[in-house]
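The values are calculated or read from the model by the stated rules, or taken from the named source; none is laboratory data. Fair warning: this is a prediction, and the values are worked out from it, not measured in the lab. Quick reminder, even Gly has a Cβ in these numbers, built from the backbone with ideal geometry, and neighbours come from all protein chains shown.
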Amino acid sequence: MSLLPVTYVLARHAGRERIEMVDLPLEPGRVTRTEFAGAQWRLECVMQEAEPGIALWTVRAAVESGSAQGVAAGMRWTDTAWSTANYVLIPGAVYAGNRFSALRRPYPPHIRDLGQNGRRLHLDIGDVPRLAADPGRSHLDQTSLDAAVPGMGLYCPARNQAWLWLTPQASDQGPYGLEVIENANRTAAEILLLTPGFIHPLPADADAEPGIGKLSAVHLHPENARPANLAAGDPLQLTFELHQFACPNVAGLFARLFRYRTSRFREQTRPAADVLPFSAAWDLVAGKHNADNWHEGWGLYRIGLPWLPGQFTQFWQNGWVGGGATAFAMAQEGDAVARARAGRNLDFILSSGLSPRGLFKAIMGEDGTWKGDGCEGWAEPWSLVRRQGDTLFFVLRQLLLIRERDQTVPATWIEATRRASIALCEVWEQEGEFGFQLDYDAGRLMIRGSTSGALIPGALVLATEYFREPRFLEVAQAAAAHYRDHDLAWGVTTGGPGDAVQAPDGESIFGLIESFILLHEHTREPGWLESARQACHQAASWSIAYPYVFPPHSALGSLGIDARGALLANAQNKCGVPGICTLSGQGILRTFRASGDEALLDLLRDIAHALPQYVSRADRPIPARLTWAHPLSHLPAGWMCERVNITPSWAEPLGEQSAYSCWCEVALMLTWCDLPGIYAQPDTGLICAFDHVSAAWTDDSRRRLRLANSTAFPARVRLLVETAAQARTLSLPPNFAATLPQVVVPAGGEAEFVLP
């Protein structure tokens, strides 16, 4: 089936260093025998065509006699017409081969100015697994544990062809190894799929400790797999799915991955368990925020709770990790005290948090000292550009909410928000891009390139709706078109998490979804909906698509946590995180409504439904075995930790958590604020339960929904019921969920909703 020549391969190792590898002819259905590593081997494979262009492979390499030490087995595809223009994808870990300018440096890294600009495919990343951008050795080395969807994709523009290898989480012998090895002049490459797979040491590797952003240290993680030792009768077996298909662009590769992302786990794609309804999770987390995160002196909700003195980044940040989003959530769903606090928090942002230029500042410690992003010593007035879009987005949503409730918005808030919108337009008009880092006092870009401003077009659409100024929409469209034609089309979005420099990340792509679909709803111009769909497909590549098996005695393994829907943060650290940093995913729902693509509902359900299981509760505290120098043995009730470690990338055990209170609590609050618990269409019969309840039509008339709550907690469930035609043609207000009807479903009980 494959256009690429393929062979069996056997490998022998000293420790984890590969010292010998041999190829053997492969012919499905025929047995091959050989001697290797002191043993007699029997190799065979079975290939079945599942559907045109998709083959199911089973490859078995067994020792017939003797014994073999330190071995691995699998397949090798050889491409003698290779090009550096080929796009290599490992979902959640490698985008465009990670072929960018890299530097080994400590965490958190500081960016270099490499002469980036918004139209140049030139990024600065840490020393992560990658194909080399410079001459010399080029060996991409990852495993199936590094991937949100286990496997690897390859798009070859010269051939208009793509390949997609999909594997289970692991074989019986360990993870799958995913490797691409290029020759010196990059005209040929080998693609390896092996088991057991592990990260190999680099030549002359001298690092003594593992650490992120240091490729040569990754192999030292104690949970990195090892080669196999086999006796007579022991096999190494691989099962995988290989797609080969015509593909006109990178978007075609992501569309294929989106369609088949769960295909190797069909027996496990049952709905995730119902644990804690959104409303009950909100009560816990919002209660904790009002008790512990509120700072009366400054009138703001702290973005985290520090465990050591001097952790100013845990006090206040505009945008990114929740600064501003918490106030919006409390304004919509909080009690009278919380709503008053939300107003004070908004006033703080629009007064103390705004520079004279009208741009938002970056980070403030409890002593009131403002610090910048990306500079040694934090001394410069630099802001990660992402902060501008995030903060303006939620400021405008809060202002729109106040207006929708027929309440008075102070004139100072209106003027400050308008100044912030104008200041961003001025940056675009002067610089021709939004870049990665800007000077918020001068309004000039300091580091260019990246997708850091992904949410700025969406924020400017909201500014257009609030202020009715055409200039805001013009800049929104121009900036979104740039991100569409450069970042989205390239298949690489970067600049969302400032601690990953410009490594590909799984945060900025969600900002693009919101921006594209808001432009579609506001303008109904052709193209924005398709861009939103493509962004959803790309975003799905960062979402863990299967029930990952944690070490059974780890914190998450012992609690039965289902990792589906957790998102890998970025290619630098590949840490899984609960929820979108820091959004609800409402843009995915809007994209489904406009497109009718029901698979988008499955993606959103994975992400939203997963969140409540990471909330620590008094009746189910989450162990905190990653101490990070704090004394707590468990996460207190209402706390959530951002760690969902599935891969040996951080120097931390898989499946463990720390008593670290952070932004994922805000993502959960936004999920309750922004999404219906149940979405239903009576004309098509479609029902999707995002919340931890189930729903069904009571009869063929589809005028009544019966809701069931199997959890031990009462649920308040929001419902969005509409026809398919209404979904396609009617735009929802930014804060539509605030006015949705709610049904109370008792713990372990049922309730009915009658359609109006």
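Scanning region 364-397 for residues that are surrounded by fewer than 24 Cβ atoms within 10 Å (Cβ to Cβ) and either among the aliphatic types (A, V, I, L, M) or assigned to a loop (DSSP other than H, G, I, E, B) (or both) yields a total of 12. In the condition set (1) among the charged types (D, E, K, R); (2) touching a Gly at 6+ places or on another chain (Cβ under 6 Å); (3) farther than 26 Å from Q613 by Cα, R718 is compliant with all but (3). For region 259-276, state whether one or more residues are at pLDDT 95 or above, surrounded by fewer than 16 Cβ atoms within 10 Å (Cβ to Cβ) and over 30 Å from S710 (Cα atoms). Yes - at least one qualifying residue is present in region 259-276. Taking the stated definitions as given, is D683 touching a His at 6+ places or on another chain (Cβ under 9 Å), outside the structural domain of V461 (by TED's automatic domain parsing) and either buried (at least 16 other Cβ atoms within 10 Å of the Cβ) or of a type in the set (D, E, K, R) (or both)? Taking the combined requirement at face value, the residue does not satisfy it. Residue under question is T647, and the condition is that it be more than 25 Å from D283 (Cα to Cα), in a loop (DSSP other than H, G, I, E, B), among the hydroxyl-bearing types (S, T, Y) and modelled with pLDDT of 95 or more; does it hold? So T647 does not fit the description; no. Exactly one residue among E51, E64, E44 is surrounded by fewer than 21 Cβ atoms within 10 Å (Cβ to Cβ), within 29 Å of L230 (Cα to Cα), in the same structural domain as P196 (by TED's automatic domain parsing) and free of Cβ contacts under 8 Å to residues at least 40 places away in the same chain, and that residue is E44. Condition first: under 16 Å from R387 (Cβ atoms) and either part of a loop (DSSP other than H, G, I, E, B) or in the same structural domain as V88 (by TED's automatic domain parsing) (or both). Can you find one or more residues in region 510-527 that meet it? Within region 510-527, none of the residues are under 16 Å from R387 (Cβ atoms) and either part of a loop (DSSP other than H, G, I, E, B) or in the same structural domain as V88 (by TED's automatic domain parsing) (or both). Which one is farthest from E514 (Cα to Cα), of the residues in region 730-756 that are surrounded by 15 or more Cβ atoms within 10 Å (Cβ to Cβ) and among the small types (G, A, S)? If we take residues in region 730-756 being surrounded by 15 or more Cβ atoms within 10 Å (Cβ to Cβ) and among the small types (G, A, S), then A751 is farthest from E514 (Cα to Cα).
For region 405-425, the condition holds for no residue, the condition being that it is on the phi > 0 side of the Ramachandran plot and either in contact (Cβ under 8 Å) with a residue 60 or more places away in the chain or touching a Cys at 6+ places or on another chain (Cβ under 9 Å) (or both). Among the numbered conditions (1) modelled with pLDDT under 95; (2) touching a helix residue (DSSP H, G or I) at 6+ places or on another chain (Cβ under 8 Å), the only one that R533 does not meet is (1).
Picking from residues in region 619-648 that are under 21 Å from D562 (Cβ atoms) and of a type in the set (S, T, N, Q), the one that is surrounded by the fewest Cβ atoms within 10 Å (Cβ to Cβ) is N645. Summed over region 700-709, residues that are crowded, with 19+ Cβ neighbours inside 10 Å and either hydroxyl-bearing (S, T, Y) or more than 18 Å from D283 (Cβ to Cβ) (or both) total 2. Tell me which residues, restricted to region 130-152, are of a type outside the set (D, E) and surrounded by 24 or more Cβ atoms within 10 Å (Cβ to Cβ). Correct list: R130, L140, Q142, T143, S144, L145, A147, A148, V149, P150, G151, M152. Those residues that are of a type in the set (S, T, N, Q), surrounded by 23 or more Cβ atoms within 10 Å (Cβ to Cβ) and in a loop (DSSP other than H, G, I, E, B), I need them from region 534-566; list them, please. Within region 534-566, just S541 meets the criteria. Do we find that A459 is part of a helix (DSSP H, G or I), assigned by TED's automatic domain parsing to the domain that holds S508, among the hydrophobic types (A, V, I, L, M, F, W, C) and at pLDDT 95 or above in this structure? Here the answer is yes, as A459 does meet what is asked. Evaluate region 341-354: report whether one residue or more is surrounded by fewer than 24 Cβ atoms within 10 Å (Cβ to Cβ), assigned by TED's automatic domain parsing to the domain that holds T627 and part of a strand (DSSP E or B). Scanning region 341-354 turns up at least one residue that is surrounded by fewer than 24 Cβ atoms within 10 Å (Cβ to Cβ), assigned by TED's automatic domain parsing to the domain that holds T627 and part of a strand (DSSP E or B).
For beta carbons closer than 9 Å, sequence separation of 6+ or different chains, a first residue in region 698-714 that is under 19 Å from Y679 (Cβ atoms) and a second that is polar (S, T, N, Q) and loosely packed, with under 15 Cβ neighbours inside 10 Å, the qualifying pairs are R704/T698; L705/T698; R706/T698.
Residues in region 398-443 that are surrounded by 20 or more Cβ atoms within 10 Å (Cβ to Cβ) and in a loop (DSSP other than H, G, I, E, B): E433, F434, G435, F436, Y440. For region 710-721, a residue qualifies if it is out of contact with any His (no Cβ under 8 Å at 6 or more places or on another chain) and either basic (K, R) or surrounded by 19 or more Cβ atoms within 10 Å (Cβ to Cβ) (or both), and the qualifying residues are F713, R716, V717, R718, L719, L720, V721.
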